[in-house]
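Here the structure is laid out as structure tokens; the discussion comes afterwards.
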Amino acid sequence: MHAQEIDKAESNVSLLSAYGKYLLPVLTFRDIVLVRGQGCYVWDASGNKYLDLNSGQFCSILGHSNPGVARRMVEICQTLQHTDTSTLSAPVLQAARKIHDCAPEMNARTIFLSTGAEAVECCLKYAKHIKERPGIISFDRGYHGLTHGTAAYSLSRDKIRPPVDYSYETPAPLVYGDADDAPEIERCIERFREIVASDRENIAAAIFEPIISGGGFFFPPRRYFKAIRKICDDNDIFLIFDECQTGFGRTGSWFYYQQLECIPDFVVCAKAMGLGYPVSCVIVNGNTIAHVKFAMEYFSSHQNEAFAGALVSYLIDEIHAGDLLTINKHSGATLLATLTSLAREFPVIKNPRGKGLMCAFDLDTPGAADSKKAGDYFCRIAQDNGLLMQHCNFGKTIRLLPSYVAEKDDFNFFSAQLEKTLSHFQASLTPSL
Ligand SMILES: Cc1ncc(COP(=O)(O)O)c(C=O)c1O
């Protein structure tokens, strides 16, 4: 559809009723249609403005319609739109070098791909191939994508038909902070050890989100990952971190493994690194996996695209130039302080928590029969108050992954509108939800 057609269309309702039926109804879409974005805000076809608390799907981290991103995309479109898979471009080589410098602990080697799920698939394929074993351990509450292979190691694993063999679930530590001494940690380490012992000769790798996002926003502490790293080393198993959400600065370091002081064999990234375009990658630890191990060819149409290299290089330069790692820590602290303060006033907010610009809180709705319905209702009221927010964990948790360019005024707006949302939500909580 052309912009002109959108201008002529009167509203969200008219657009949805005219065109909605041509899309697959794979989920319940919002009842608004976005037509424009600028910085942390987006506008719908009826002219309403919203603060986008999740930078799209955690991707537009330098804001919507960022002029620098637009310039890079125009430049690359006008110079080198695409290459054949076995020919490299200068932007890709430069971006790989920059990632190497951001991840010095890993002596990093990178392949650029398109989506998070594609990168997880690629990573697991190599992990199994190199170890010559089929088994993968993952968190019971982890999320790694929706392809057959990635969903098999995610919380939706039960929906996969046929089930993928040699998929082992280990309990995620359900802790919110650096609770290094929680008995929960010991129990989870022990269970991981038992799984490895039960089928050592078949297990190639363990894959984890270092911050468990969709499964409830939990923060397994350093002690947990230190123990897991040792068990993996002792049993010749790869450790893979899925940093699709935590990678590229969101938590205040380039990668979250750097805060955990636990160096994995592979890191998978997506989302932020593409600035809103489909870019993902697998970063391999060149210190633990030799070049020669990648003798198995990987050949797909959109690997190592020039635009991916151009965007990643631009992002890394912008993070350096704007000191965004430090800024994200400060902005995250502001966001968390707002949530903590509102939690004192509104009992419906429980467990505000966060690391950098990755924050969440639980909705405490004891009277509600259906947590998903209650979460939907909360997000609906937030939308009516100008906030685009998302729930996860079956509606029980609201997560916030705003863009790195959110400023004081944006957080103040958020605080005021969230307060209104909470007042309304709390007053209208009924068992029918
Ligand atoms: C931790 C994690 N891994 C993998 C994925 C899959 O990424 P994509 O949706 O780009 O396939 C996601 C997406 O939400 C994610 O959050």
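The values are calculated or read from the model by the stated rules, or taken from the named source; none is laboratory data. On a predicted model such as this, the values are computed, not experimentally measured, just so you know. Ideal geometry is used to build each Cβ from the backbone, glycine not excepted, and the neighbour counts take in all protein chains shown. Quick note on the areas: whole protein, heavy atoms, side chains included, nothing else; ligands and nucleic acids left out. Shrake-Rupley method; radii C 1.70, N 1.55, O 1.52, S 1.80 Å.
Below, the figures for the structure above:
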read-out	value
Any chance Ala382 is at pLDDT 95 or above, within 29 Å of Met273 (Cβ to Cβ), in the same structural domain as Leu422 (by TED's automatic domain parsing) and surrounded by fewer than 15 Cβ atoms within 10 Å (Cβ to Cβ)	no
Hits in region 418-433 (condition: assigned to a helix (DSSP H, G or I), open to solvent by 30 Å² or more (accessible area, probe 1.4 Å) and in contact (Cβ under 8 Å) with a residue 24 or more places away in the chain)	Glu419, Lys420, Ser423, His424, Gln426
Condition check for Gly309: in contact (Cβ under 8 Å) with a residue 24 or more places away in the chain and either open to solvent by less than 40 Å² (accessible area, probe 1.4 Å) or within 19 Å of the chain's Cα centre (by Cα) (or both)	yes
Top-ranked residue of region 393-417 - restricted to ones that are more than 16 Å from Ser55 (Cα to Cα) and within 23 Å of the chain's Cα centre (by Cα), ranked as surrounded by the fewest Cβ atoms within 10 Å (Cβ to Cβ)	Phe394
Test: residue in region 155-166 that is crowded, with 19+ Cβ neighbours inside 10 Å and in contact with a helix residue (DSSP H, G or I) (Cβ under 6 Å, 6 or more places away or on another chain)	no
Close pairs from region 93-111: first buried (at least 21 other Cβ atoms within 10 Å of the Cβ), partner part of a helix (DSSP H, G or I), Cβ under 6 Å, at least 6 apart	Ala95/Gly309; Ala95/Val312; Ala95/Ser313; Ala108/Ile99; Ala108/His100; Thr110/Ala96; Thr110/Ile99
Residue selected from region 31-57 under the condition crowded, with 20+ Cβ neighbours inside 10 Å and among the hydroxyl-bearing types (Ser, Thr, Tyr), by the criterion farthest from the chain's Cα centre (by Cα)	Tyr50
Positions within region 60-72 being open to solvent by 30 Å² or more (accessible area, probe 1.4 Å) and either modelled with pLDDT under 95 or assigned to a helix (DSSP H, G or I) (or both), in sequence order	Pro67, Ala70, Arg71, Arg72
